Structure formats: C-alpha cells, structure tokens
Number of protein chains: 2
Amino acid sequence: MADQTRAFLEKLQVKPGKSIKLKERDPRDTLIFEDEELTKAATAQLAQEIDALQDRLYAEGQRALLVILQGMDTSGKDGTIRGVFNSTGPIGVSVTAFRRPTENELAHDYLWRVHEACPKRGTIGIFNRSHYEDVLVAKVHGLAPKKAIEQRYEQINAFEKMLSENGTVILKFMLHISKEEQRERLQERLDNPKKHWKFNPGDLDDRKNWGDFQDAYETMLDNCSTTWAPWYVIPGDRKWVRNAAIAHIVKATLEDMNPHYPQPPWKPSDFKIE
Amino acid sequence: MADQTRAFLEKLQVKPGKSIKLKERDPRDTLIFEDEELTKAATAQLAQEIDALQDRLYAEGQRALLVILQGMDTSGKDGTIRGVFNSTGPIGVSVTAFRRPTENELAHDYLWRVHEACPKRGTIGIFNRSHYEDVLVAKVHGLAPKKAIEQRYEQINAFEKMLSENGTVILKFMLHISKEEQRERLQERLDNPKKHWKFNPGDLDDRKNWGDFQDAYETMLDNCSTTWAPWYVIPGDRKWVRNAAIAHIVKATLEDMNPHYPQPPWKPSDFKIE
C-alpha cells in the first residue's frame, strides 16, 4: 500500500475502541487533494484500476468485497457509486439499496434481508444504506425498543466478523456532510425539474432531527468500528474529495487482497480442440 | 427510431411465426459497419446514450428492460455486457448469470428462479443465459422428458407476455458464432494463462454436440420469437460488430420507451428548507 494511502486510512478511519466527535471532522476537508480537475482525472484512473482488480477478484472466485455507504439524505451515496464504480460495470458488482423494509422483511430479524444481499464470492457488493439504519433511523424514530437497539451493536459486530472470517472483506464509509451543504443540495432538488423525483418531502423531517441523527451516528461509529470491518468518516461536502478518498481506499484494499488467477487442475496440453 | 436502426431490426429479428435457418445467417456478417475503429468509437458513444436513457428510466420508475443473452460457450455474453453496458454502471443495472440449477432451484418449476431475478421497475436486467437453457441444454442432454420440453415453448411465451403486459420490455439476443470461431476462442483460453479460469473442460462435450445445439436453437427461435419479446440473431464472430448491433437495438428500444421524469404531486414553492 502506498504511504499516501496509509496516511489516509490513519486519518479517516475510526480507531476501534476509541470514541469519535463528528464535530471534529470537517466535512469540507480537502485532505491531500489540491486541484479539483487533476483530482477528478486521478480518480477516473483509480476507477480503471479498481476495474482491473475486480477482474482478478472475479477470476479468483474465492473472496468478496462489501462496501457499505451510510450518510444523511443527499450525502452522495449514489454519486459515490457512479464516481468510483462506474468503470467496473455491472458484471461482478451488485448494488443493493435498502429502503423502508417490506412486511415480509419486517417479519424476520433485521439482518435477514441484509444477509441475503451480501455479495457472492468473486464480486463486489455495494450497500446504499444497510443494517446500520437499524441503529440510526430506528433509534431516532423509536422504531424498536431501546434495549433491542442497544443489543444490535454487538450483533452487528458478530455478524460482520462471521462474514469477514468467511471471505468477505468489509469497508464502511460514512459520508459526512454539513447541515448547510444538505440545505443547498435539497434546494437544488427543488430548483431543478430533472431532480424533482429525487426530492422526498419526508427528508425534511429527518433534517429537523439533524442533531439526533449525528448523535446516533457517533454512537454507531464508537461501537461498530472493528479491526475486521472498520468505519471511515469521509468528508462529503466536496464531491470530488469524497470520490477521490473512497477510490483510494477501495483500490488499496483490493491491492492488499491481491486476488490471483486460479491454477486450474489441468495442463493446456491435456486438450486438443477438434 | 432512425431508419438505419429500423433496417437492422428487420434484418436481425426473427419474424414471429416464421421459421429460420441458422446456416443462412452469416456469423461473420459486418452488416452496415465498415471500419472497425470508427465502429468501436460509435459504440462507446451509444453506450453513453444508453446510460443517459437509463437514468430517465430509473427516475420514471415505472418500467423495466430485460435483455436476454444466449449463445454457445465463448459466444461473447460477458463481452457484450462489458461492451454495451459498462458505461451504465451498476446502479439500476443487474446482471444474473444462470448456471447449473441448485437443488433448491430444481425443487421448483424452471421459471421460478428466472422470475425471481427479473428486473425491478426503473432498472435494466441482463440475463447471461436464461430459461432458454431449459429448451437448449435440457433438450440436447435429455434433462427433462421430451413432452415436458415441448410444452415449455408456449409456457415461456405466456410468461414473457405477462412480464411485457406488466411493464417489462424484453429483448432477446442469440449470439451466433461459427464453430471455427469457437475453436479459436477455446484455444485462446488454453494458450493465455490469464484466461485459464474461463476454460471449462465440459465445454468440449457441448462442442461435440454442436449440430444438436444448433437444431435446438432453431426450434427455440421458431417457437419463441413473439411480437412482445422478439429474438434477434446477432452475427457474433466479430466482437465489434456484435457490440455495435446490440448497442443500436438497445438504444433504439429505450428511445421508443421514451421514459420521462415523473411529475411530483407537489410544487417546489410548497417547501422552504430551514
């Protein structure tokens, strides 16, 4: 892993067992990135490299990468997927958006639908929202008893540990935007008719609970950043910084996984094609 | 739809109710495409346009596009997905590869796993192989009684009609390669260590049954090209011709669907963002 990337991991990772103050993480931080256009070009290049690494992951067929994206409305979950994974194409990458659970999903435990959507070996799975909603919106809106929610942190850690021990590498990104940035992005959805479909009046209610959500995020980060599935807090106000940071981390992670083309149990000379 | 594309549809489509001879379809046909590099550049442009149309399909959220790819081993199903849909990225595009059915899948009717994988409204679903294997490999290898296989053509037509009447537009492409081209591609998988993982010794058995497979394809094309879900036979020996032809048809189909941004039940002035 390049030193530059290691410095990132250090800076953005939530250290397991330590507590974090989101107020001390600046959503407008530009990290090591200076020029916007140069950074965008470098990110496009990283996206190509991620694509090439994904091909090897697919050929190897032994391990998976799970990327979890969480953040307030408008924090750029879709934009991250487009910016970092568009070059990777749809073969070997699955995206699952977790919306309000269905009746059938609610009839099971909260990890049931999440487990079902986990990526197959050889592929990258991206979660747009995740089981973490069950300690975020569920907590702020009181959708489950307090005690049940308290129990979830450890349940989630155990679940993710099991995934990790069975071949799934997990990266978790909180897209950290400021309340002012969210105001601008929501306003843009009202001002631009092509974005009306993205505007959900209910988002304004969550915005009213901004402080409660930030508290719930902090508790989640404090409890669920583990050595096997660390959380990264990504400065989200500048989309190009966000994409660059995540692309660096994803690429470094895939490089560390170092997937290799499998050795077949035969020699090419075993065959003659008629 | 452009006249050029309409000429394509005419030429490549299997006319519902007519019978077809695969021997009369040249796998090396270059259609209207002349220069390889210019055609590749035009296909990349079409892929961008498909991406833009997909965004509108997603915003609209009312209809889906199902693209079914069938063809002999090495016919280029994965290559088509990369060539035509890579720009579309993984949001709103799902790829399902149908492999040998699992025990659980075999415990249900053959359309059960296919139905489950059909694309959600707003998305494009791509099938790499499909329920058509149940009238192809199933027929050649005798995996089901003859009478059961005979019944499937009508069952499939009825199933696809239901999908179509419920908002899913269906395109079916048979990637038509020559036996000689397959030989070269299989040999390449043996010669190139990075392609060893793609080589499956079992493919050689299917190759021995080439003629039976071609017959099964013809019967399937004769029986299952319908007005609501037409089959196209795509010349497959030249990858750039294959991708160009399919990109044209997919783009024309999405243009005909003409998805539009939905009108929300509110006016922007209803809201003030605090």
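The values are calculated or read from the model by the stated rules, or taken from the named source; none is laboratory data. Source: prediction; values computed, not measured. Please note: Cβ atoms are built from the backbone with ideal geometry, for glycine as well, and neighbour counts cover all protein chains shown. Only protein heavy atoms, including side chains, enter the accessible area calculation; ligands, DNA and RNA are left aside. Shrake-Rupley method; radii C 1.70, N 1.55, O 1.52, S 1.80 Å.
Place the label 7 angstrom along Cα→C-beta at B:Lys147 and in each other copy, then list the distances from the first to the rest in nm, shortest first.
So the distances to the same position in the other copies read 6.1 nm.
Of the DSSP beta bridges with both residues in chain B, give the percent that are antiparallel, rounding to the nearest 5.
Values: 1 of 24 bridges.
Bridges in chain B that DSSP calls antiparallel: roughly 5 percent.
Copy-to-copy spacing for B:Asn200, label 7 Å out on the Cα-to-C-beta vector, in nm, shortest first?
3.9
Interface A/B, total buried accessible area with a 1.4 Å probe, nearest 100 Å²? It would help to have the intermediate numbers written out before the result.
Working: alone 14740 and 14710 Å², together 25980 Å².
Separately minus together, A and B give about 3500 Å² buried.
Please work out the ratio of the alpha-carbon Rg of the protein assembly as shown to 2.2 N^0.38 Å and round it to two decimals.
On the way: Rg = 24.9 Å, N = 548, 2.2 N^0.38 = 24.2 Å.
Computed over Cα atoms of the protein assembly as shown, the ratio equals 1.03.
When DSSP assigns beta bridges and you keep just the ones with both residues in the protein assembly as shown, what percent turn out antiparallel, to the nearest 5?
If we restrict to bridges inside the protein assembly as shown, about 5 percent are antiparallel.
How do A:Phe271, A:Phe8 rank by accessible surface area computed with a 1.4 Å probe, from largest to smallest? Intermediate values should be presented prior to the final figure.
On the way: A:Phe271 50, A:Phe8 10 Å².
The most accessible residue leads, giving A:Phe271, A:Phe8.
Is the shape of region A:105-191 rounded, prolate or oblate, going by the alpha carbon gyration tensor and its root eigenvalues a ≥ b ≥ c, with a/c under 1.5 for rounded and a/b larger than b/c for prolate?
Working: a/c = 2.19, a/b = 1.36, b/c = 1.61.
Oblate is the answer for region A:105-191, as a/c is 1.5 or above yet b/c matches or exceeds a/b.
Size of the dipole of region A:82-121 about the Cα centre, Lys and Arg at +1 and Asp and Glu at -1 on the beta carbon, nothing else charged, in debye to 20? Display every interim value, and only then the final one.
Values: 6 positive and 4 negative charges, 51 e Å.
The calculation lands at about 240 debye.
Would you please classify the overall shape of region B:1-119 from the alpha carbon gyration tensor, given that a ≥ b ≥ c denote the square roots of the eigenvalues, rounded means a/c under 1.5, and beyond that prolate means a/b larger than b/c while oblate covers the rest?
Details: a/c = 1.76, a/b = 1.23, b/c = 1.44.
It is oblate, given that a/c is not under 1.5 and a/b is not larger than b/c.
Size of the dipole of region B:141-182 about the Cα centre, Lys and Arg at +1 and Asp and Glu at -1 on the beta carbon, nothing else charged, in debye to 20? Intermediate results must be reported in sequence, preceding the final value.
Working: 6 positive and 6 negative charges, 36 e Å.
Using only the charged Cβ atoms, the result is roughly 180 debye.
According to the square roots a ≥ b ≥ c of the eigenvalues of the Cα gyration tensor, what is the shape class of region A:92-139, taking rounded for a/c under 1.5, prolate for a/b larger than b/c otherwise, and oblate for the remainder?
Values: a/c = 2.41, a/b = 1.72, b/c = 1.40.
Prolate is the answer for region A:92-139, as a/c is 1.5 or above and a/b outweighs b/c.
Could you list the trypsin sites (Lys or Arg not before Pro) in region B:177-274 that lie in coil according to DSSP, counting only those with at most 12 other Cβ atoms within 10 Å of their Cβ? Mind showing how you got there, number by number?
Working: sites: B:Lys179, B:Arg183, B:Arg185, B:Arg189, B:Lys194, B:Lys195, B:Lys198, B:Arg207, B:Lys208, B:Arg238, B:Lys239, B:Arg242, B:Lys251, B:Lys272; in loops: B:Arg238, B:Lys272.
In loop regions of region B:177-274 (DSSP not H, G, I, E or B), the sparsely surrounded trypsin sites (Lys or Arg not before Pro) are B:Lys272.
Along the charge dipole of chain B, pointing to its positive end and built from +1/-1 on Cβ of Lys, Arg, Asp and Glu, which listed residue (B:Ile149, B:Gln48, B:Gly17) has its Cα farthest out?
Positive-most Cα among the choices belongs to B:Ile149.
Tilt of helix A:3-12 relative to the longest C-alpha principal axis of chain A, in degrees (0 to 90, nearest 10)?
That helix lies at roughly 30 degrees to the long axis.
Per residue, how much accessible area does chain A have with a 1.4 Å probe, in Å²? Let's see the in-between values first.
Details: 13000 Å² over 274 residues.
That works out to 47 Å² per residue.
In whole Å, largest first, what are the principal axis extents of the Cα atoms in chain A?
Sorted largest first, the three principal extents are 69, 48, 41 Å.
Determine the relative contact order of chain A: mean sequence separation of Cα pairs under 8 Å and six or more apart, normalised by residue count, in whole percent. Let's see the in-between values first.
Details: 390 pairs, mean separation 99.9, N = 274.
It rounds to 36 percent for chain A.
So the label point sits 7 Å from Cα along the Cα-to-Cβ vector; using that for A:Ile32, what distances do you get to the other copies, in nanometres, sorted shortest first?
Copy-to-copy label distances at A:Ile32, shortest first: 5.1 nm.
Helix B:36-60 sits at what angle to the longest principal axis of chain B, using alpha carbons and giving 0 to 90 degrees rounded to 10?
Roughly 50 degrees, rounded to the nearest 10.
Looking at the axis that maps chain A onto chain B, which chain A residue has the closest Cβ, and how far off is it in Å, rounded to a whole number?
Spelled out as residue then distance in Å, it is A:Pro90, 2.
Once both axes come from the Cα atoms, what is the angle between helix A:179-191 and the longest principal axis of chain A, in degrees from 0 to 90, rounded to 10?
So the helix axis and the longest Cα principal axis differ by about 80 degrees.
If the chain between A:Glu188 and A:Lys15 were fully stretched, how many nm would it gain, using 0.36 nm times the residue separation less the Cα-Cα distance?
Details: separation 173, 0.36 × 173 = 62.28 nm, distance 3.53 nm.
Additional length available on full extension: 58.7 nm.
Given that compact globular proteins tend to follow 2.2 N^0.38 Å, what is the ratio of the alpha-carbon Rg of region A:145-274 to that value? Present the calculation step by step, with values, prior to reporting the outcome.
Numbers: Rg = 21.7 Å, N = 130, 2.2 N^0.38 = 14.0 Å.
The value comes to 1.55.
Evaluate the charge dipole of chain A about its Cα centre and quote only its size in Debye, nearest 20, assuming +1 on the Cβ of each Lys and Arg and -1 on the Cβ of each Asp and Glu.
Values: 40 positive and 42 negative charges, 55 e Å.
That gives chain A a dipole magnitude of about 260 debye.
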